[in-house]
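Report on the following structure.
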Amino acid sequence: MNKATPGAVARAAALALAWSLPPAQATQQPAAPQPSAKASARAPAGAPLKATVSHWWTSGGESAAIRQFADAYTRAGGQWIDQAVAGADQSRASTINRIVGGNAPVAAQFNTSKQFRDIVDQGLLNNLDDVAARGNWDNILPRTIIDAIKIDGHYYAAPVDIHMPAWFFYSKAAYAKAGIQAEPKSWEEFVAQLDRLKKAGLIPLAFGGQVWQEKIVFDAIFALVGGPELYLKIYRDRDLRAVASPAFRDVLVKFKALRAYTDPGSPGRNWNDATALVVSGRAGVQIMGDWAKGEFTSAGQVAGKHFGCFPGFGPRPPYMVAGDAFVFPKTAKPQIVQAQKLLATVMTAPGPQAEFSARKGSIPIRPDVDMSKLDVCARMGIKIMQDKARQLPNAEMLLDPDLNGALQDVLTNYWNRNETPERAQQAFAQAIRDNTW
């Protein structure tokens, strides 16, 4: 997962398509009987099916995770050709440029969101309906995932994980040094703990001052402090009265209050470098998606022993649902189509799903996998996902890329400048007006 697209990149991609191309909430349920892995995920005899796979997973934990898919694809008779592009925005822009230029990869990573809707509408992706039917996706995938990848009755992406982008990860050593003995039960307790971490000479909040990271922290506070109802009124319903409300102003105020707990080195810091501060015990807590667990794992740390995790405050905090998916650019070449279908089958099969999630920090897209390798945070997430009432779509599932990017611009201006919450409310409302049609 990552990690949102700034408005400039989204608009550039949309312009590239417009100028270069012709027109053209349920819980997981037990899966129905599946064909065996050997029967459904095996290349035909002969030369291996070559697959160029474009993605942005380049950190230690991410690389270890995607290697599970690559190895499984090789075992199934394929040949994985890795084409990693550092940075989610850069990777997506590269994919779109390659599609426009006639040099598309066999498969490419996007977030489970509206990011790839434009290229679906332009007729530039092959659908995966037969793979989805064999895999019983209609019945095993959560509704929030289906709503993002099934467009006009057809599946256009293979989901590979379920992420929750609003976890709180904390260093057990840092908390002990600050004399903190329990996880916070409210916003007030959380702020009090940040004060104690600061007093102990630690960085209270490990933070990466990049636009998408600012948005992740904001959305976490939005969902927890504002609540799911206000969150949906603004992100789903575009309710301008809700944007102007005192409740939303309070969200903005509390969000910016966190700035006092970051360190001077935070601007421009990569997310995994912020995670490393928690891993080393130099920082107390990080608000980040569960992909951060891959960095703890790569450092030999164990959830519940060296670091802790909680999804929010109180007994039933909302659980924001996000994820990653791979799309398959349009082609009529039989070998490439076969490679695409084999890739989609392998990536969504129970075995690779279990191995990938154990390293990525995510939870599997399907319930019929071996959960024994998953850590306590992942098992907590799986249990929460069984409660439909706690599932909350992440902003990218609800907002078009242009609007999401425009709101990111508003929030980064508010976070980094001497701007009042009232001015931020006005800018938030204007961004919605300008990008809703």
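The values are calculated or read from the model by the stated rules, or taken from the named source; none is laboratory data. Remember, predicted model here, so these are calculated numbers, not experimental data. A quick note on method: Cβ atoms are made from the backbone with ideal geometry, for glycine too, and the neighbour counts reach across all protein chains shown. Ligands, DNA and RNA are excluded from the accessible area calculation, which covers all protein heavy atoms including side chains. Shrake-Rupley method; radii C 1.70, N 1.55, O 1.52, S 1.80 Å.
If the condition is being at negative phi and part of a loop (DSSP other than H, G, I, E, B), then region 187-219 contributes ALA200, LEU202, ALA206, PHE207, GLY208, GLN210.
Selection within region 367-378: residues that are more than 15 Å from the chain's Cα centre (by Cα) and open to solvent by less than 10 Å² (accessible area, probe 1.4 Å). The member of this set that is nearest to GLY304 (Cα to Cα) is CYS377.
With respect to (1) within 26 Å of ALA354 (Cβ to Cβ); (2) at pLDDT 95 or above; (3) not aliphatic (A, V, I, L, M), the lone exception for ASN126 is condition (1). Which residues, taken from region 147-186, are open to solvent by less than 30 Å² (accessible area, probe 1.4 Å), part of a helix (DSSP H, G or I) and modelled with pLDDT of 95 or more? Hits for region 147-186 are ILE149, ALA174, TYR175. When GLY351 is tested against (1) among the small types (Gly, Ala, Ser); (2) open to solvent by 30 Å² or more (accessible area, probe 1.4 Å); (3) under 27 Å from ASP237 (Cβ atoms), exactly one condition is not met: (3).
Conditions tested, residue by residue: (1) within 28 Å of TRP271 (Cα to Cα); (2) among the aliphatic types (A, V, I, L, M).
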residue: ALA93; (1), (2): yes, yes
residue: ASN97; (1), (2): yes, no
residue: VAL106; (1), (2): no, yes
residue: GLN109; (1), (2): yes, no
residue: LYS114; (1), (2): yes, no
residue: THR144; (1), (2): yes, no
residue: ASP152; (1), (2): no, no
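For region 319-333, residues that are open to solvent by 10 Å² or more (accessible area, probe 1.4 Å), of a type outside the set (A, V, I, L, M) and at pLDDT below 95 total 2. For region 93-136, the set of residues classified as among the acidic types (Asp, Glu) and touching a strand residue (DSSP E or B) at 6+ places or on another chain (Cβ under 7 Å) consists of ASP129 only. Pairs meeting the criteria (first residue in region 398-415 and over 16 Å from ALA429 (Cβ atoms) and aromatic (Phe, Trp, Tyr), second residue open to solvent by 10 Å² or more (accessible area, probe 1.4 Å) and modelled with pLDDT under 95, beta carbons under 9 Å, at least 6 apart or on different chains) are TRP415/GLY209. Candidates in region 381-409 are the residues that are out of contact with any Lys or Arg (no Cβ under 9 Å at 6 or more places or on another chain) and surrounded by fewer than 22 Cβ atoms within 10 Å (Cβ to Cβ); of these, the one that is farthest from ALA358 (Cα to Cα) is ASP409. Among the conditions (1) within 23 Å of ALA166 (Cβ to Cβ); (2) out of contact with any Lys or Arg (no Cβ under 9 Å at 6 or more places or on another chain); (3) open to solvent by 10 Å² or more (accessible area, probe 1.4 Å), the only one that GLN338 does not satisfy is (1).
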